[in-house]
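This report refers to the structure that appears directly beneath it.
The values are calculated or read from the model by the stated rules, or taken from the named source; none is laboratory data. Note that the structure is a prediction, hence the values are computed from the model and not measured. Cβ placement follows ideal geometry from the backbone for every residue including glycine, while neighbour counts extend to all protein chains displayed.
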Amino acid sequence: MNNQERLKQNLEKWAHANPAAVKELKDLECKTVHFCDAENGDLNLVKEHNGSKNYLHSQANPHQEAEQWAKTIELNSIDTLFVFGVGLGYYYNELRGWLKENANRAVVFVENDPEVLVRLFETVQGEQMLKDPQVWIYYFTDFKKEAHHFDEIAKMFNSHRFKITSLGYYLRTKARELMHFNTILSFTLNIRHMSDREYLSLGDVFYSNYYVNMFRLPDAYQAKQFYGKFSGVPAIICGAGPSLEKNIGLLKTLKDRAVIFAGGTAMNALNAQGMQPHFGVGVDPNADQVMRISSNEAYQVPYFYRNRLNANALTLIQGDHLYINGSVGYPIGTWFDEKLHIDGPELPDGYNVINLSFSLARQLGCNPIICVGVDLAYTDGQSYAPGISNHPINERRRQMRTKTSKEELVGKEDIHGNPVLTLWKWIAEAVWYSKMVVEHQDVQLINATEGGIGFPGIPNMTLEEVKEEYLTGAYDLETMIHGETQLSHMPAGVTLEEIERLMWEVYEDLGRCEDLCGSIIKEFEKTAHEIMAGKEAPPALLSDAVKQLIVQLDDCEAYHAVLSTFNDFFLSKSVKELQRLEMDRDFLEESEIQIRKSKLNSSRYESLRRIAYRNRGLIKYFLEEMLPRRKVAMTARSHGEPQKYLQQDAVYSLENNHLIIRDPHCGIQIEENVPDLCKSTICYENGKVKCENHFLNEKLHGPQTFFDDEGNVLSRCWYLQGEKQGRALRYYRSGALYSIETYCDGVLEGTQRYFFGEGGLRTLITYKKGRYDGEVILYYRNGQKKRELHYTNGVKHGFERMWNEEGQLKIEVEYDNGQAKGACRLWFDNGTLGKEVIYDPPGHVAGAFFWDKEGKEIPIHEVIKDDFFDSVTKETANLTAIIKNVIDQVNNVAPMLNENKKVEISKEINLLLEDLEALRKVGDELLYESGVTEENPQEAIWKTPQMRMRLEQKVKTMTTQIASSINNIRDALQETVERYIEATDKKSSH
């Protein structure tokens with residue numbers, strides 16, 4: 001077979017995976033890349049350009065170059081190797097052994113020179129590479145312009161253990177292209193891994209939260225009713241990055257200048273500095289979110305949330321729940337919304353809660369949108385702004401985490417041009433902001449984060465600069481927010497009864513899906529068995545019976561609400577296998593191809609069947625076990641008389657620009673004529689006044705009121721020279737009193753009370769000069785206490801207790817000036833003690849104990865699993881103790897040996913001590929590498945896959961060295977002692 005025939009044959013095979021590339025290559029004339037012989041007789045390629053010749057492989061010995069290249073790669077630590085440049089495939093030869101050790105390994109060659117690929121496919125080596133099921137070859141012409149192709153690769157090779165490298169020649173001559181290749185591919189692989197993780201777990205975490213949170217929907221408000229209601233009002237999106245500390249003082253002065261959002265840990269960061277934002281945002285389904293909510297102090301802050309939010313965390317949120325419709329990536333959210341007549345645009349989530357906060361601010365109409373504390377990097381080596389800590393019940397990690405040990409650190413320049421460490425997920429978030437601004441050019445985004453990596457193409461300013469240029473207006477935003485909340489009730493059909501009916505409907509329909517998937521699996525298995533038994537493979541894989549079953553499955557609403565997204569996902573995951581089957585038709589029987597395709601389809605429908613089964617189990621459990629408890633809590637509503645807390649002798653009035661505020665309870669006596677008082681109003685479409693604000697010298701002054709569309713007051717507070725003063729009253733749409741708040745010089749003062757619509761007490765908070773001081777008590781709607789805390793001058797002091805809706809105590813902690821002390825306990829719902837963490841002295845964990853729901857103690861090692869780094873820490877600590885013990889033994893022996901001045905062994909003793917000191921230093925270095933010597937409570941961001949590889953190698957080397965040296969020292973010590981005894985015996989004989 002000549003070169004042209006082989007090229008044609010190889011291109012036909014390659015076309016199954018790269019049809020577009022084959023069209024370009026099949027008639028290509030190679031003008032610059034030619035075959036030549038290397039000095040050792042191997043085949044090589046030479047690229048001729050402007051009279052110069054460049055060899056793609058070593059002209060001395062291509063095989064030897066490939067061998068040296070392979071030695072630079074730690075192959076056993078990866079599953080997938082990406083190589084920029086393929087040449088004549090010499091590098092492949094060095095990878096064959098590694099590939100054959102594990103069928104899940106793969107090597108992906110990406111080439112951007114079409115002539116090189118033509119030459120490769122003219123060789124037997126190219127033919128062999130195309131036949132190898134673990135080898136993939138791609139052709140890209142421009143990495144930047146064809147970035148979408150990287151996503152196709154990432155879908156097929158979504159391994160978290162990968163490495164990117166290149167042909168040696170390209171490393172020397174195409175450094176810029178290699179940089180683009182490395183950056184784009186690494187970015188895409190990491191993002192794809194993040195997005196696939198949930199689907200690979202079959203959505204268990206999402207659904208276990210979603211269904212439970214549906215039971216709280218009747219008490220929530222619609223977020224979409226806020227959209228467009230804050231047009232032109234600036235918004236500040238707060239992150240929890242280290243640079244937030246620089247701006248916290250200024251942020252506190254801007255609550256009447258911009259709508260302030262804080263999502264996730266950002267809420268904890270603001271609370272730690274005594275500040276409350278206007279809105280919280282919650283979306284994280286993981287258990288860590290419970291710790292964030294339980295350790296923050298946003299007791300009455302309204303929260304935007306999606307139903308994927310951790311269900312226990314949502315229960316802990318005491319402020320108004322503002323439901324964001326839809327559920328990105330899961331059609332079940334849209335299905336329920338449509339059935340319940342909840343509409344509204346589906347907002348893009350981005351990659352985290354801060355991205356979602358931007359989407360919310362844009363949808364509210366806010367402009368400009370300013371980001372503060374969104375470092376997306378470890379500025380100054382820190383993970384978070386200062387003051388953030390976990391709840392004491394979480395003894396394992398007192399500090400909140402930004403990453404896992406499986407995430408690699410990435411080096412980048414910050415906005416000041418200084419090197420900084422970041423993560424791929426943070427780079428993705430930064431790029432997302434830039435993309436959103438391009439798509440929504442009516443919104444101005446400003447990065448006022450004074451550190452971090454910034455957002456590509458987005459201007460950087462200090463918050464002080466932003467304030468002077470953009471934050472010039474004044475708004476009574478808390479009054480506006482409360483008023484809009486009361487206008488955002490759920491549709492009348494959103495009831496527990498209707499939600500229960502719909503859930504049973506999904507449950508029944510999923511049962512049909514489960515049965516249909518089972519029948520489809522049987523049909524595919526039947527086809528495979530018949531072919532294996534010798535029956536001729538059918539012309540079409542999908543029989544009439546399978547087609548009919550698929551049509552029936554497609555008719556099920558639950559298939560589209562729950563299973564369809566997973567079907568698309570698993571189909572995308574099977575592309576690699578399907579392409580390989582087509583490429584291998586030359587040496588695979590048609591029957592074998594059909595059998596493998598049948599197995600792929602069976603596997604896909606088995607996954608769908610499992611998802612249907614799991615969801616039915618969750619729905620049934622929640623409906624039968626949790627819904628009855630929720631109904632009891634909803635029906636046993638506490639009633640009260642909130643009006644009794646109003647001070648009847650208080651006078652608040654403004655008539656003919658004559659302002660009077662007399663409130664003995666607040667210690668305020670104001671009476672003044674204000675001839676220059678200005679008034680601004682916003683009206684409903686029916687002409688009724690919606691907002692009425694008063695200003696004096698461009699500062700809020702006098703009453704600020706929000707009305708419903710019938711003229712009823714929903715919220716009213718009073719200002720003097722831009723500061724809230726006296727009593728603020730807020731109401732439900734029904735007319736019932738929502739809250740009584742009191743202010744002094746712009747900050748809350750005294751006891752604040754919030755009520756449920758039926759009149760029962762919802763929240764009681766005591767302030768002194770704007771800081772928590774005294775008791776904080778939160779209640780469930782049924783009148784049962786939810787939580788109780790005590791503060792002194794803004795710091796927790798005394799007991800904190802939490803209960804469930806039935807009154808069972810769940811958590812108890814005692815604080816001493818902000819630090820946990822004594823026993824911190826957690827109980828199961830059945831009243832059994834589940835966990836006890838001992839703090840002694842305050843703030844230091846002295847021990848932890850665990851029990852199961854039946855009261856049986858669980859060993860701590862079964863609860864707290866050490867990661868690799870923790871295991872190394874313990875091992876090195878033990879090893880260091882052994883080394884110190886040997887040193888002590890020598891120190892004990894040395895004086896005795898030196899007593900006899902005539903015995904010349906001091907030199908040997910000194911050498912032993914020097915060796916042991918060196919070993920001690922080696923042990924200390926090992927401890928340093930493992931992190932055990934770090935008393936600093938900062939997050940261990942150094943725990944990465946790359947560090948694990950380095951540490952494994954270093955630990956292996958050091959432990960071998962230590963073991964060998966200790967044995968040598970013990971032998972030498974024994975010899976020295978024997979010499980001493982011998983010398984002593986001789987001395988005695990004389």
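What the table below lists for this structure:
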| read-out | value |
| --- | --- |
| Residue under evaluation L516, criteria (1) outside the structural domain of F261 (by TED's automatic domain parsing); (2) assigned to a strand (DSSP E or B), criterion not met | (2) |
| Pairs with Cβ under 8 Å, 6+ apart, first in the stretch 431-449 and in the same structural domain as A258 (by TED's automatic domain parsing), second assigned to a helix (DSSP H, G or I) and of a type in the set (D, E, K, R) | M436/R362; H440/R362; V443/R362; A448/E465 |
| Some residue of the stretch 337-356 being in a helix (DSSP H, G or I), among the aromatic types (F, W, Y) and under 30 Å from L563 (Cα atoms) | no |
| I293 being closer than 23 Å to L764 by Cβ and buried (at least 24 other Cβ atoms within 10 Å of the Cβ) | yes |
| Residue in the stretch 306-329 that is closer than 15 Å to D349 by Cβ, part of a helix (DSSP H, G or I), out of contact with any Phe, Trp or Tyr (no Cβ under 9 Å at 6 or more places or on another chain) and not basic (K, R) present | no |
| Residue list for the stretch 193-207, filter: assigned to a helix (DSSP H, G or I), surrounded by 19 or more Cβ atoms within 10 Å (Cβ to Cβ) and not aromatic (F, W, Y) | H193 |
| Residue among E508, E478, E514, E497 that is under 30 Å from V551 (Cβ atoms) and either surrounded by fewer than 15 Cβ atoms within 10 Å (Cβ to Cβ) or in contact with a His (Cβ under 9 Å, 6 or more places away or on another chain) (or both) | E508 |
| Any hit, the stretch 355-365, residues being buried (at least 18 other Cβ atoms within 10 Å of the Cβ), under 30 Å from E497 (Cβ atoms), among the polar types (S, T, N, Q) and outside the structural domain of V776 (by TED's automatic domain parsing) | no |
| Among residues of the stretch 744-771, those that are more than 22 Å from T315 (Cβ to Cβ) and among the hydroxyl-bearing types (S, T, Y), counted | 3 |
| Scan of the stretch 46-76 for residues that are in a loop (DSSP other than H, G, I, E, B), modelled with pLDDT under 95 and under 17 Å from L95 (Cβ atoms), ordered by number | T72, I73, E74 |
| All positions within the stretch 741-796 that are touching a Ser or Thr at 6+ places or on another chain (Cβ under 7 Å), more than 17 Å from A728 (Cα to Cα) and of a type in the set (S, T, N, Q) | N782 |
| Residue list for the stretch 45-59, filter: over 21 Å from Y139 (Cβ atoms) and touching a helix residue (DSSP H, G or I) at 6+ places or on another chain (Cβ under 8 Å) | Y55, S58 |
| Any chance T183 is under 23 Å from E115 (Cβ atoms), of a type in the set (S, T, Y) and either assigned by TED's automatic domain parsing to the domain that holds Q363 or outside any strand (DSSP E or B) (or both) | no |
| Candidates T485, T462, T479 - the one that is farther than 30 Å from L618 by Cβ, among the hydroxyl-bearing types (S, T, Y) and without any contact (Cβ under 8 Å) to a residue 40 or more places away in the chain | T462 |
| Those residues of the stretch 806-821 which are touching a strand residue (DSSP E or B) at 6+ places or on another chain (Cβ under 8 Å) and either of a type in the set (D, E, K, R) or buried (at least 18 other Cβ atoms within 10 Å of the Cβ) (or both), in sequence order | K810, I811, E812, V813, E814, Y815, A820, K821 |
| Residues of the stretch 278-315 classified as touching a helix residue (DSSP H, G or I) at 6+ places or on another chain (Cβ under 6 Å) and without any contact (Cβ under 8 Å) to a residue 40 or more places away in the chain, total | 8 |
| Considering residues of the stretch 429-457 that are among the β-branched types (V, I, T) and surrounded by 15 or more Cβ atoms within 10 Å (Cβ to Cβ) only, the residue farthest from F187 (Cα to Cα) | V443 |
| Pair list, Cβ < 9 Å and 6+ apart or interchain, from the stretch 1-20 residues that are assigned by TED's automatic domain parsing to the domain that holds T123 and in a loop (DSSP other than H, G, I, E, B) to residues that are surrounded by 14 or more Cβ atoms within 10 Å (Cβ to Cβ) and among the small types (G, A, S) | A15/A21 |
| Among the residues listed as R604, R580, the single one being out of contact with any helix residue (DSSP H, G or I) (no Cβ under 7 Å at 6 or more places or on another chain) and in the same structural domain as R501 (by TED's automatic domain parsing) | R580 |
| Residues (outside any loop (DSSP other than H, G, I, E, B) and either modelled with pLDDT under 90 or out of contact with any helix residue (DSSP H, G or I) (no Cβ under 9 Å at 6 or more places or on another chain) (or both)) located in the stretch 26-44 | C36, D37 |
| Looking only at the stretch 581-608, and only at residues there that are of a type outside the set (F, W, Y) and under 34 Å from the mean Cα position of the chain (by Cα), the one that is nearest to L200 (Cα to Cα) | S607 |
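Quick grid of which residues meet (1) assigned to a loop (DSSP other than H, G, I, E, B); (2) within 28 Å of K406 (Cα to Cα); (3) touching a strand residue (DSSP E or B) at 6+ places or on another chain (Cβ under 9 Å); (4) among the aliphatic types (A, V, I, L, M):
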| site | (1), (2), (3), (4) |
| --- | --- |
| V83 | no, yes, yes, yes |
| A103 | yes, yes, no, yes |
| R119 | no, no, yes, no |
| E127 | no, no, no, no |
| D151 | no, yes, no, no |
| K163 | no, yes, yes, no |
